[in-house]
Amino acid sequence: RQRFYQDGSKVRRGHDRGGKQISETYHCAVLCKGGHQLNDANDLLYRDGSYRWFNGKRIDNPNTHGTGCTLSSAIAAVWQGERIEQAVRRAKGFVRGALSTGLDLGQGSGPLDHMWCHGKPHLPYSA
């Protein structure tokens with residue numbers, strides 16, 4: 001049986017249950033990261049009893065070590081004075097840029113390029 005959110009998007013892989021449970025238990029916003037899906041990088045924000053999807057294109061790059069930590073740090077860095085939804089959108093844009101450079105260090109799953117936008121303060125980092 002298919003389940004859908006109010007905006008018509010399909011419920012996927014239990015993101016809703018986990019996000020809702022954590023949010024209601026700890027009274028906080030929860031972002032369920034979906035960057036390791038095969039076809040997309042869609043994340044789900046659960047906050048105050050409602051869901052919001054942030055759709056993203058999957059970037060073909062094996063060097064994804066630290067994407068979750070980078071995303072959460074970027075959200076915290078840009079959240080100052082902004083709505084959480086805008087902070088998530090900007091942070092996803094930052095991570096997308098860091099993955100898009102294709103930095104390849106070491107062996108295995110290397111880090112993303114955190115310095116991709118250094119010297120480019122005009123970039124909006126929007127997803």
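Table for the structure above
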quantity	calculated
Rounded accessible area of Phe54 (nearest 10 Å², 1.4 Å probe)	10 Å²
Estimated FRET transfer efficiency when R0 is 22 angstrom, pair Arg58-Met115 (beta carbons, to 0.05)	0.45
Exposure ranking of Glu82, Glu24 by accessible area [1.4 Å probe, largest first]	Glu24, Glu82
Kirkwood Rh, Cα atoms: Rg over Rh of the stretch 28-126	0.97
For His114, solvent-accessible area (1.4 Å; no DNA, RNA or ligand), Å²	90 Å²
Exposure ranking of Ile59, Ile84 by accessible area [1.4 Å probe, largest first]	Ile59, Ile84
Sites Thr25 and Cys69 - FRET efficiency at Förster radius 22 Å, r taken between beta-carbons, to 0.05	0.45
Asp104 paired with Ala77, simple spin-label distance in nm, labels 7 Å along Cα-to-beta-carbon	2.6 nm
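The values are calculated or read from the model by the stated rules, or taken from the named source; none is laboratory data. None of the values given here were measured: they were computed from a predicted structure. Here the Cβ is made from the backbone with ideal geometry for all residues, glycine too, and neighbour counts use every protein chain on show. Ligands, DNA and RNA are stripped out before the accessible areas are found, and what is left, the full protein with its side chains, is counted by its heavy atoms. Shrake-Rupley method; radii C 1.70, N 1.55, O 1.52, S 1.80 Å.
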